[in-house]
Amino acid sequence: MATTTLTALKPSSWLRPKYLLFAAIGLMLVYVIPHDESFLVHPKDPVWQHYEPFKWWLLPHGIAGACALLLGPMQFSDRLRHRFRRLHRVLGRIYVAGVFVAAPLGFYIQHFEERMGNPRSFSIAAAADAVLWMTTTGIALVFILKGKVQEHRQWMTRSFAVAIVFLEVRVIGGVGGWEDLDVHANETIVWACLAFSILAADLVLQWQQMRPSHPVVRHSPASLERKREAPLGNPAAFAGSSEGEFRHS
């Protein structure tokens, strides 16, 4: 039985929506780190007085959350997944561990702040965020353990959409000037970002499914041999072959 070799015809442009999304996340990080997290490198920043009662809970929460935010985009790299499968799996495990550390600690810290005067409704918003993040990540983990890669990628997309709520809240509050208002304004931003996170992820997934598939060239061994033997500059030796055909994946 003759065998064939498939060659995917990939688009030449690097300007793909996935890269635009990652660029947007990068811009949010560039804004959030100096605007909201600069106190980390300034021990005398007045905000440390607020964090003092729970600063040792804030440390593992911040490290785990940073790992999830920074490693998440790498999990969607086709090149990394195909060329470095073991690294992809290791980074995936770190991401999952980061989620299941950062999410509950984030809720606990917000609950701690409730004792310092924040409303209980804000603690409920933090709980909803934590549950949604852990649930989407847990479902993604279950699917990959069962070998269902497509479903795993879909739920990882939803998981990361919840993860970047952390960035979205700070960007919206900072750029819009709402961060200087009372705590209820920030709470409203959190609820709005949470409400749209899964919807945004599903819109991305649906858009990917609607995209036309890229053609794949099917070569038989005979046609490949003729192509190798053809003189340079004479592609017609293969193009005219009846053995080459196109099909859509």
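Count of region 142-167 residues, restricted to those that are over 11 Å from C193 (Cα atoms) and among the small types (G, A, S), is 2.
Taking region 7-29, which residues are over 14 Å from E168 (Cβ atoms), of a type in the set (A, V, I, L, M) and either part of a helix (DSSP H, G or I) or modelled with pLDDT of 80 or more (or both)? Within region 7-29, L20, A23 meet the criteria.
Looking only at region 71-88, decide whether some residue is basic (K, R) and closer than 30 Å to P53 by Cβ. The answer is no; no qualifying residue exists. Criterion applied to T188, T135 was being hydroxyl-bearing (S, T, Y), surrounded by fewer than 21 Cβ atoms within 10 Å (Cβ to Cβ) and either under 19 Å from L105 (Cβ atoms) or in contact with a strand residue (DSSP E or B) (Cβ under 7 Å, 6 or more places away or on another chain) (or both), and the one residue passing it is T135.
Taking the criterion of being aliphatic (A, V, I, L, M), under 15 Å from L71 (Cβ atoms) and in contact with a helix residue (DSSP H, G or I) (Cβ under 6 Å, 6 or more places away or on another chain), would at least one residue in region 142-155 satisfy it? Scanning region 142-155, I find no residue that is aliphatic (A, V, I, L, M), under 15 Å from L71 (Cβ atoms) and in contact with a helix residue (DSSP H, G or I) (Cβ under 6 Å, 6 or more places away or on another chain), so the answer is no. Residue pairs whose Cβ atoms lie under 9 Å apart, sitting 6 or more positions apart in sequence or on different chains, and linking a residue in region 168-193 that is in the same structural domain as M116 (by TED's automatic domain parsing) and among the aliphatic types (A, V, I, L, M) to a partner that is modelled with pLDDT under 90 and not in a helix (DSSP H, G or I), are V183/G117; V183/N118; V183/P119. Looking at this structure, is R153 charged (D, E, K, R), modelled with pLDDT of 90 or more and either surrounded by 13 or more Cβ atoms within 10 Å (Cβ to Cβ) or not assigned by TED's automatic domain parsing to the domain that holds H61 (or both)? Here the answer is yes, as R153 does meet what is asked.
The values are calculated or read from the model by the stated rules, or taken from the named source; none is laboratory data. The structure presented is a predicted model; accordingly, all values stated were derived computationally and were not measured. Note: ideal-geometry Cβ built from the backbone for every residue, glycine included; neighbour counts use all protein chains shown.
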